[in-house]
Amino acid sequence: GIITGAEHSFASVTKAYPNPVTGKVVFIQHPVSPQPIAIKLFNGHGDLIHQFNAGRNETSSSINVDGLAGGVYLLRIETRDEAFSEKIVVVR
């Protein structure tokens, strides 16, 4: 559809922080969606290592990365219609 000044694309308002992450948690800010939001974390080999669904009325989520080794991971946030991916760097 047409994006007006009052509307924002899913990707433009979705962000993960801190990045790089040195602590235990990555926080994810995302828009409210009428559809379920799937949040997935993949390792550098492309293996799915964590997955959960955010609630429909939630605007933020978090992933505990305390047990992960240092390295680059791919965070993917999906609805039925849109998707957002971002590399997350875990520093140990």
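Here are the numbers:
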quantity: Residue-normalised accessible area of the chain, given per residue in Å² at a 1.4 Å probe; calculated: 61
quantity: Note, ³J(HN,Hα) from phi for the range 21-38, Karplus 6.51, -1.76, 1.60, rounded to Hz, x at Gly and Pro; calculated: 9, 10, x, 9, 9, 9, 9, 10, 9, 9, x, 5, 10, x, 9, x, 10, 8
quantity: Rounded FRET efficiency, nearest 0.05, which uses the C-beta distance separating GLN29 from ARG76 and R0 of 22 Å; calculated: 0.90
quantity: Solvent-accessible area, 1.4 Å probe, carbon plus sulfur percent, for the chain; calculated: 52
quantity: Net charge dipole size for the chain [Lys, Arg +1 and Asp, Glu -1 on Cβ; Debye, nearest 20]; calculated: 220
quantity: Trypsin sites (Lys or Arg not before Pro) within the range 1-91: DSSP coil, no more than 12 neighbouring Cβ in 10 Å; calculated: LYS24, ARG56, ARG80
quantity: From phi via Karplus (6.51, -1.76, 1.60), per-residue ³J(HN,Hα) for the range 58-69 in Hz, x at Gly/Pro; calculated: 8, 10, 8, 9, 8, 10, 7, 10, 4, x, 8, 6
quantity: Value in Å of the Kirkwood radius, where the chain supplies the Cα pairs that are averaged; calculated: 13.7
quantity: Length-normalised contact order of the chain in % [C-alpha pairs under 8 Å, at least 6 apart]; calculated: 31
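The values are calculated or read from the model by the stated rules, or taken from the named source; none is laboratory data. No experiment lies behind these values; they were computed from the predicted model shown. Positions of Cβ are generated from backbone atoms using ideal geometry, with glycine treated the same way; all protein chains shown enter the neighbour counts. Surface accessibility is based on the protein's heavy atoms, side chains included, excluding ligands, DNA and RNA. Shrake-Rupley method; radii C 1.70, N 1.55, O 1.52, S 1.80 Å.
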